[in-house]
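> The following block contains the structure, expressed as structure tokens.
The values are calculated or read from the model by the stated rules, or taken from the named source; none is laboratory data. Worth saying up front: this structure is predicted, and the values here are computed from it rather than measured. So basically every Cβ, Gly included, is an ideal-geometry build from the backbone, and we count neighbours across all protein chains shown.
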Amino acid sequence: MAASTEHDSPAEAPQSVVEEEESKTFKDLGVTDVLCEACDQLGWAKPTKIQIEAIPLAIQGRDIIGLAETGSGKTGAFALPILNALLETPQRLFALVLTPTRELAFQISEQFEALGSSIGVQSAVIVGGIDSMSQSLALAKKPHIVIATPGRLIDHLENTKGFNLRALKYLVMDEADRILNMDFETEVDKILKVIPRDRKTFLFSATMTKKVQKLQRAALKNPVKCAVSSKYQTVEKLQQYYLFIPSKFKTKRLGSLNKFKAKARSILLATDVASRGLDIPHVDVVVNFDIPTHSKDYIHRVGRTARAGRSGKSITFVTQYDVELFQRIEHLIGKKLPVFPTQDEEVMMLTERVTEAQRFARMELREHGEKKKRSREDAGDNDDTEGAIGVRNKVAGGKMKKRKGR
Ligand SMILES: Nc1ncnc2c1ncn2[C@@H]1O[C@H](COP(=O)(O)OP(=O)(O)OP(=O)(O)O)[C@@H](O)[C@H]1O
Ligand SMILES: [Mg+2]
């Protein structure tokens with residue numbers, strides 16, 4: 001891989017440059033009028049920092065490694081240049097977006113369709129756990145954009161007659177550090193073998209591997225690194241707390257969360273089911289009921305709140321067994337977290353709600369356990385091991401791990 005050019009964070013640039021950057025419009029970045037209108041209709045008044053950094057370079061035809069914090073609009077940063085190029089040279093099976101989970105694939109497809117609705121962009125979502133036949137039909141129609149989890153895409157590349165990606169112009173790896181992880185190694189290598197070498201490649205994530213070998217696997221050509229955050233940064237508007245709980249009192253203490261419910265807050269109880277990429281509006285509080293074993297996952301989990309400039313809170317439960325993992329997280333994000341203030345007496349007065357919360361927690365944990373088991377048994381469906389399994393219901397229109405407070 002050729003040496004990459006580092007783009008400094010605007011935060012380190014002189015004031016005048018910062019002001020100039022902040023007043024930029026989508027049009028200034030080279031985005032065509034019809035797409036600027038689409039942004040406007042989505043309520044995107046101006047581009048975010050990563051969009052300002054990445055879009056012009058992507059439009060110039062560079063390969064991009066985009067690193068920016070959770071909820072900072074990375075999807076738009078790769079979708080807009082692709083749609084822009086598609087408008088210039090319309091072509092079927094133009095771009096492939098690889099994502100680690102099916103829920104994320106649907107979300108990205110929604111964003112492509114929202115931005116591209118007025119220009120008739122067609123996308124297909126190719127993920128496990130869904131009828132293969134209907135996906136084959138969707139691929140037969142030759143959509144412009146394919147959004148896929150690696151495992152199921154391989155199935156179709158190998159078994160769906162007439163489907164190939166030999167004319168592909170753009171490859172995106174969203175949550176790229178995850179896609180380039182060992183779990184997807186075989187699949188990604190297979191995919192890279194059957195798409196043209198002569199293409200543009202975009203890697204995006206809130207946490208990025210610095211391991212050159214891993215990045216080399218993506219076969220980037222003279223990439224530009226657009227980094228508007230440090231490698232493991234959490235959002236400034238996120239207030240992060242921890243709550244120390246001896247493990248035997250853990251569910252008792254769940255009662256303290258009722259304080260949020262009383263204020264009609266939305267709480268996301270985070271396990272790894274709701275970790276990466278998902279953009280769920282109005283999550284005000286993320287609760288890490290169990291501490292993430294991979295410190296990087298912490299960043300993705302708490303990143304489900306405080307998105308797109310909003311504020312949010314996260315509370316991480318720490319038992320006596322979690323202290324070391326917790327310290328590792330603090331070290332990774334370079335922050336010492338304050339303890340979450342609770343009043344024991346108030347908590348005691350909420351026993352009824354505590355009991356209800358306990359029941360809820362038990363039910364959720366059981367449901368998660370069963371789904372995990374089921375998904376393990378689901379042959380050939382190992383393309384989302386990080387498992388956004390429980391959140392799948394969101395896409396199906398069902399309930400998810402989110403409670404609206406009363
Ligand atoms: N320019 C913009 N102005 C306002 N909102 C925007 C803009 N661009 C994107 N958004 C919105 O910001 C939210 C977060 O965007 P997105 O999901 O792309 O974040 P992300 O950087 O990919 O986060 P994650 O690392 O968690 O995947 C979305 O609801 C999106 O519609
Ligand atoms: Mg994302």
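> Report, by residue number, each residue of region 82-102 that is assigned to a loop (DSSP other than H, G, I, E, B) and more than 10 Å from ligand 1 (Cβ to nearest atom).
T89, P90, Q91, R92, L93, F94, P100, T101
> Suppose we filter region 28-50 for residues that are in a loop (DSSP other than H, G, I, E, B) and of a type outside the set (K, R); how many remain?
The qualifying residues number 11.
> Report yes if L203 is aliphatic (A, V, I, L, M) and out of contact with any helix residue (DSSP H, G or I) (no Cβ under 6 Å at 6 or more places or on another chain), otherwise no.
No.
> Then there's this: Quick one: would you say I108 is more than 15 Å from ligand 2 (Cβ to nearest atom), part of a helix (DSSP H, G or I) and of a type in the set (V, I, T)?
Criteria not met by I108.
> For region 99-113, state whether one or more residues are farther than 26 Å from E187 by Cα and surrounded by fewer than 24 Cβ atoms within 10 Å (Cβ to Cβ).
yes
> Within region 75-85, is there a residue that is of a type outside the set (A, V, I, L, M, F, W, C) and farther than 25 Å from T207 by Cα?
yes
> Which residue pairs have Cβ atoms under 9 Å apart, sit 6 or more places apart or on different chains, and have a first residue in region 308-336 that is aromatic (F, W, Y) and a second that is part of a loop (DSSP other than H, G, I, E, B)?
Once the first residue is aromatic (F, W, Y) and sits in region 308-336, its partners that are part of a loop (DSSP other than H, G, I, E, B) give F317/I245; F317/K250; F317/F289; F317/D290; F317/I291; Y321/I291; F326/I291; F326/L337.
> Answer yes or no: is there a residue in region 119-135 that is assigned to a loop (DSSP other than H, G, I, E, B), in contact (Cβ under 8 Å) with a residue 40 or more places away in the chain and within 23 Å of A167 (Cα to Cα).
Yes, because at least one residue in region 119-135 is assigned to a loop (DSSP other than H, G, I, E, B), in contact (Cβ under 8 Å) with a residue 40 or more places away in the chain and within 23 Å of A167 (Cα to Cα).
Listed here are the residues, each with its yes/no results for (1) away from ligand 2 (no atom under 16 Å from the Cβ); (2) within 28 Å of T207 (Cβ to Cβ).
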residue: P100; (1), (2): no, yes
residue: F112; (1), (2): no, yes
residue: S132; (1), (2): yes, no
residue: K142; (1), (2): yes, no
residue: P150; (1), (2): yes, yes
residue: K161; (1), (2): yes, no
residue: I179; (1), (2): no, yes
residue: F184; (1), (2): yes, yes
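> Continuing with the same structure: What pairs can you find where one residue is in region 171-184 and under 18 Å from G71 (Cα atoms), the other is away from ligand 1 (no atom under 11 Å from the Cβ) and in a helix (DSSP H, G or I), and their Cβ atoms are less than 6 Å apart, with a gap of 6+ or different chains?
Going by the 6 Å Cβ cut-off, the qualifying pairs are M173/I179.
> Kindly check whether there is at least one residue in region 10-17 that is at pLDDT 95 or above and in a loop (DSSP other than H, G, I, E, B).
No, that holds for no residue.
> Scan region 279-305 residue by residue and report those that are within 14 Å of ligand 2 (Cβ to nearest atom), at pLDDT 90 or above and aliphatic (A, V, I, L, M).
If the condition is that a residue be within 14 Å of ligand 2 (Cβ to nearest atom), at pLDDT 90 or above and aliphatic (A, V, I, L, M), then I299 is the only one that fits.
> Given T207, T149, T201, T160, which one is closer than 21 Å to G128 by Cβ, in contact (Cβ under 8 Å) with a residue 60 or more places away in the chain and among the polar types (S, T, N, Q)?
Of the residues listed, the single one that is closer than 21 Å to G128 by Cβ, in contact (Cβ under 8 Å) with a residue 60 or more places away in the chain and among the polar types (S, T, N, Q) is T149.
> Same structure again: Among A105, A114, A79, A54, which is within 12 Å of ligand 1 (Cβ to nearest atom), within 18 Å of I280 (Cβ to Cβ) and of a type in the set (G, A, S)?
None of the other options fit; the residue is A114.
> Can you tell me which of L93, L57, L67, L83 is of a type in the set (A, V, I, L, M, F, W, C) and within 15 Å of ligand 2 (Cβ to nearest atom)?
Only one candidate passes the filter, namely L67.
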